[in-house]
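Here is the structure we will look at.
Derivation of every value follows stated rules applied to the coordinates shown; laboratory data play no part. This is a predicted model, so every value here is computed, not measured. With ideal geometry, Cβ positions are generated from the backbone for all residues, glycine too; neighbour counts draw on all protein chains shown.
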Amino acid sequence: MTQYILNLQIAATDLSAILAARESIVVVKTMTNAGNPVAWAVAAPAQNVVVTWSGDYAVYASMTSNATGAQLTVAASSPAIAQSDYSYAIAGFSAPTPDPQLGPGQYLIWNQIPASQQGAITLGLAQCCSINGNPPGGWIPINAETVPANQYTQLQAGETVLIYLQSGISAGTVIAPPRTMANATSTALKLVFSPSNATQTVRYNAQAGMFYLVS
């Protein structure tokens, strides 16, 4: 399994202003047609920060409302195998069922909670990450999709990330696009990782108010 490494650098001369604004480094995994994005990796600013992760995914379910600013509480999660169907019911997630109609990196999740108990729940994919070598804290949602009872969502995993600074945010928070956020926020840098481009380094440019790719 590929190990992805994101190195983030902030000059000492820029760090004081960022800390005064109480901003955090935010990494968001982007997905297409997958509901709302979620703040995935959130790190305290420092001159050097390293975020690492693998290509392993999990499916998760949450009863938290899928609303901007909501802090998702994961009710259940299960390590996931691509090109498989999963069902979430009161007892938790089912075992995976291979689905030949799904392509590489695709997952399908059914909501089988009875409508009489919950009209809709939040479903999505999650990943673990390590910040500065610390042990991963568990599966962190990367997207939040509202799925009514007895319906499903089909999700495409990928390794595209957005990187920016924002105040008043923590990992697992449902977010809005950066330009609509109410708190202090920098412009986002978009990076595409792949097995052949698994390590990338970015540096913060105070004049531009955003990170830029170094290598």
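If R0 is taken as 22 Å, the Cβ-Cβ distance between L19 and N205 corresponds to a FRET efficiency of 0.80. Using the rule -39500 (n - 2.57) for each DSSP H run of four or more residues, divided by the residues of the chain, the 222 nm mean residue ellipticity is -1000 deg cm²/dmol.
In this structure, Q101 and A46 have a Cβ-Cβ separation that, at R0 = 41 Å, corresponds to a calculated FRET efficiency of about 0.35. Within the chain, the percentage of alpha carbon pairs spaced more than 22 angstrom apart rounds to 50%.
Charge tally for V161 (other residues, Cβ to Cβ under 13 Å; Lys, Arg +1; Asp, Glu -1): +1.
Nearest 5 is fine: what % of DSSP beta bridges in the chain come out antiparallel, could you say? Write down the numbers at each step before the final one.
Details: 59 of 69 bridges.
Roughly 85 percent of the DSSP beta bridges within the chain come out antiparallel.
Given in Å, the Rg to one decimal and the Dmax to the nearest whole number for the Cα atoms of the range 98-183 are 15.8, 45.
Taking the inverse of the mean reciprocal distance over all distinct Cα pairs, the Kirkwood hydrodynamic radius of the range 22-84 comes to 14.1 Å. Net charge in the neighbourhood of M1 (other residues with Cβ under 13 Å of its Cβ; Lys, Arg +1, Asp, Glu -1) is -2.
The coefficient of translational diffusion for the range 1-117, derived via Stokes-Einstein from the alpha carbon Kirkwood radius under 10 °C and 1.306 mPa s, stands at 93 µm²/s. Kirkwood analysis of the range 1-54, using all unique Cα-Cα pairs, places the hydrodynamic radius at 12.8 Å.
Length gained on full extension, T2 to S194: 68.3 nm, using 0.36 nm per residue less the C-alpha separation.
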